[in-house]
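Data block below; observations after.
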Amino acid sequence: MTNQHAEFVLYTTPGCHLCEQAEAILDATETAFRPIDIAEDIDLIERYGVRIPVVADTLGRELGWPFDQTQLRSWLLAS
(Lines give C-alpha, C1' and ligand atoms only; values in the text may rest on other atoms or scores of the structure.)
Protein backbone atom coordinates (compact mmCIF):
# COMPACT_ATOMS: atom_id res chain seq x y z
CA MET A 1 0.00 0.00 0.00
CA THR A 2 2.80 2.45 0.78
CA ASN A 3 4.49 4.57 -1.83
CA GLN A 4 7.98 3.16 -2.39
CA HIS A 5 9.41 6.64 -3.03
CA ALA A 6 8.30 8.34 0.15
CA GLU A 7 9.18 7.99 3.79
CA PHE A 8 6.35 8.60 6.21
CA VAL A 9 6.58 10.05 9.68
CA LEU A 10 3.98 10.35 12.39
CA TYR A 11 4.31 13.40 14.62
CA THR A 12 3.21 12.18 18.01
CA THR A 13 3.89 12.30 21.73
CA PRO A 14 3.60 9.73 24.53
CA GLY A 15 0.18 9.41 26.14
CA CYS A 16 -1.68 10.84 23.15
CA HIS A 17 -4.71 8.60 22.64
CA LEU A 18 -5.43 10.12 19.23
CA CYS A 19 -1.86 9.32 18.20
CA GLU A 20 -2.42 5.71 19.24
CA GLN A 21 -5.51 5.62 17.02
CA ALA A 22 -3.52 7.08 14.11
CA GLU A 23 -0.80 4.45 14.63
CA ALA A 24 -3.44 1.72 14.50
CA ILE A 25 -4.76 3.12 11.19
CA LEU A 26 -1.25 3.27 9.74
CA ASP A 27 -0.62 -0.31 10.87
CA ALA A 28 -3.96 -1.49 9.46
CA THR A 29 -3.08 -0.05 6.05
CA GLU A 30 0.42 -1.55 6.27
CA THR A 31 1.98 1.89 6.03
CA ALA A 32 5.53 1.92 7.35
CA PHE A 33 6.25 5.03 9.37
CA ARG A 34 8.74 6.51 11.76
CA PRO A 35 7.24 8.10 14.89
CA ILE A 36 8.68 11.47 15.86
CA ASP A 37 8.11 12.62 19.43
CA ILE A 38 7.42 16.35 19.25
CA ALA A 39 8.04 16.77 23.00
CA GLU A 40 11.81 16.70 22.39
CA ASP A 41 11.88 19.68 20.00
CA ILE A 42 10.51 23.17 20.74
CA ASP A 43 10.03 23.92 17.03
CA LEU A 44 7.97 20.77 16.59
CA ILE A 45 5.93 21.60 19.69
CA GLU A 46 5.15 25.03 18.25
CA ARG A 47 4.27 23.57 14.84
CA TYR A 48 2.33 20.45 15.87
CA GLY A 49 1.47 20.87 19.55
CA VAL A 50 -2.28 21.26 19.05
CA ARG A 51 -2.44 19.36 15.73
CA ILE A 52 -1.03 15.90 16.48
CA PRO A 53 -1.25 13.29 15.23
CA VAL A 54 0.01 14.37 11.82
CA VAL A 55 1.35 12.08 9.09
CA ALA A 56 3.91 13.66 6.78
CA ASP A 57 5.99 12.55 3.83
CA THR A 58 9.29 13.60 2.33
CA LEU A 59 7.41 15.59 -0.32
CA GLY A 60 6.21 18.03 2.35
CA ARG A 61 2.61 16.86 2.35
CA GLU A 62 0.79 16.47 5.65
CA LEU A 63 -2.36 14.66 6.70
CA GLY A 64 -3.72 15.95 9.99
CA TRP A 65 -6.11 14.32 12.38
CA PRO A 66 -8.87 13.28 12.12
CA PHE A 67 -8.48 10.71 9.36
CA ASP A 68 -9.66 7.16 8.79
CA GLN A 69 -8.29 4.30 6.68
CA THR A 70 -10.08 5.48 3.53
CA GLN A 71 -8.77 9.04 3.87
CA LEU A 72 -5.24 7.78 4.58
CA ARG A 73 -5.30 5.50 1.53
CA SER A 74 -6.50 8.36 -0.70
CA TRP A 75 -3.75 10.62 0.66
CA LEU A 76 -1.12 7.91 0.11
CA LEU A 77 -2.24 7.28 -3.46
CA ALA A 78 -2.19 11.00 -4.29
CA SER A 79 1.59 11.16 -3.86
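Assess whether Leu76 counts as being surrounded by 14 or more Cβ atoms within 10 Å (Cβ to Cβ) and either among the hydrophobic types (A, V, I, L, M, F, W, C) or not in a helix (DSSP H, G or I) (or both). Write out each step before concluding.
On the way: surrounded by 14 or more Cβ atoms within 10 Å (Cβ to Cβ): yes; either among the hydrophobic types (A, V, I, L, M, F, W, C) or not in a helix (DSSP H, G or I) (or both): yes.
It is true that Leu76 is surrounded by 14 or more Cβ atoms within 10 Å (Cβ to Cβ) and either among the hydrophobic types (A, V, I, L, M, F, W, C) or not in a helix (DSSP H, G or I) (or both).
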Every residue from segment 29-45 that is assigned to a helix (DSSP H, G or I) and in contact with a helix residue (DSSP H, G or I) (Cβ under 9 Å, 6 or more places away or on another chain): Ile38, Ala39, Leu44, Ile45
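Filtering segment 32-56 down to residues that are surrounded by fewer than 19 Cβ atoms within 10 Å (Cβ to Cβ) and in contact with a Ser or Thr (Cβ under 8 Å, 6 or more places away or on another chain), which residue is farthest from Thr70 (Cα to Cα)?
Ala39
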Within segment 58-72, considering residues that are modelled with pLDDT of 95 or more and either part of a loop (DSSP other than H, G, I, E, B) or touching a Phe, Trp or Tyr at 6+ places or on another chain (Cβ under 8 Å) (or both), the one nearest to Thr13 (Cα to Cα): Trp65
Any hit, segment 6-18, residues being at pLDDT below 95, of a type in the set (Ser, Thr, Tyr) and in a loop (DSSP other than H, G, I, E, B): no
Verdict on Leu26 being under 11 Å from the mean Cα position of the chain (by Cα), part of a helix (DSSP H, G or I) and not β-branched (Val, Ile, Thr): yes
Residue check for Arg73: free of Cβ contacts under 8 Å to residues at least 60 places away in the same chain and of a type in the set (Lys, Arg): no
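The values are calculated or read from the model by the stated rules, or taken from the named source; none is laboratory data. What you see is a predicted model; the values in this text were computed from it and never measured. FYI the Cβ positions are ideal-geometry reconstructions off the backbone, even for glycines, and counts take in every protein chain you see.
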